[in-house]
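K.L.:
Structure below; questions to follow.
The values are calculated or read from the model by the stated rules, or taken from the named source; none is laboratory data. Owing to the predicted nature of the structure, the values given are computational and were not obtained by experimental measurement. Ideal geometry is used to build each Cβ from the backbone, glycine not excepted, and the neighbour counts take in all protein chains shown.
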């Protein structure tokens, strides 16, 4: 890296806001939707309106997920809730026996996926679209293996859902689009910074002697977007400026 670029990079890192520097290195498991996302200063994923910068780091997603909607329309409320609970107990047991499947729910306030707990079921109950109907939506996820294809990963979840033993008038079906998750995005900051520095060094060399590079925005949180069926693009929304070195 040119000396000028190295100094600019170091200065940008030291100017990170205190709130950002003091955050935990673990943010949990975030859901990567079709829109670009980033963390705010509290570590919560929010919509990101800026454009994707030139340097991105591509990373295979950690998990493939989809919503599982469990619904029951037994008229008696007590019986209906009992059948729902029994069905979800079967779902939990099947996931534990499967080994390739985990269950979760999305914590909308924190913007992350947390494990599904049967004892917290009451907080997830919602009325269905028809009278005397109750439904629960949970997340089914499978870890993406290094050699996985999209069809292989989705096939594991579909096979799991087909084997669910429903109780009474309960039904269980996949709902919504397939999504990807990323665990602890901040762990990739050093890798992204290294890629940005390398690109800045090459840019300065391409322009020629007497020019240096200034990097701005490196204190900003990591952003992410989906770049393929199982792939993600990770980046820091920075800007690069090439100018003559002082005294030239």
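K.L.:
Pull out all pairs, ordered by first then second residue, where Cβ-Cβ is under 6 Å, the residues are six or more apart or on different chains, the first lies in segment 220-233 and is farther than 14 Å from residue 189 by Cα, and the second is modelled with pLDDT under 90 and outside any strand (DSSP E or B).
P.N.:
Taking only residues 6 or more apart or on different chains, the pairs are 225/36.
K.L.:
Another question, if that's okay. Name every residue in segment 122-145 that is surrounded by fewer than 13 Cβ atoms within 10 Å (Cβ to Cβ) and assigned to a strand (DSSP E or B), in order of residue number.
P.N.:
126, 127
K.L.:
Looking at segment 155-211 only, could you name the residues that are touching a residue at least 40 places away in the same chain (Cβ under 8 Å), in a loop (DSSP other than H, G, I, E, B) and over 27 Å from residue 112 (Cβ atoms)?
P.N.:
163, 165, 166, 167, 168, 169, listed by residue number.
K.L.:
Can you tell me which residue among 217, 212, 223 is farther than 28 Å from residue 29 by Cβ, touching a helix residue (DSSP H, G or I) at 6+ places or on another chain (Cβ under 9 Å) and surrounded by 13 or more Cβ atoms within 10 Å (Cβ to Cβ)?
P.N.:
Of 217, 212, 223, the one residue that is farther than 28 Å from residue 29 by Cβ, touching a helix residue (DSSP H, G or I) at 6+ places or on another chain (Cβ under 9 Å) and surrounded by 13 or more Cβ atoms within 10 Å (Cβ to Cβ) is 212.
K.L.:
Just one of 69, 52 is at pLDDT below 95 and either in a helix (DSSP H, G or I) or touching a strand residue (DSSP E or B) at 6+ places or on another chain (Cβ under 9 Å) (or both); which is it? Please lay out each step first, then the result.
P.N.:
Numbers: 69 fails: at pLDDT below 95.
Selected residue: 52, the only one of 69, 52 that is at pLDDT below 95 and either in a helix (DSSP H, G or I) or touching a strand residue (DSSP E or B) at 6+ places or on another chain (Cβ under 9 Å) (or both).
K.L.:
For segment 224-237, which residues satisfy the criterion of being part of a strand (DSSP E or B) and within 26 Å of residue 138 (Cα to Cα)? Break it down stepwise before answering.
P.N.:
Start the filter on segment 224-237 by keeping residues that are part of a strand (DSSP E or B), which leaves 224-226, 231-235.
Across segment 224-237, the qualifying residues are 224, 225, 226, 231, 232.
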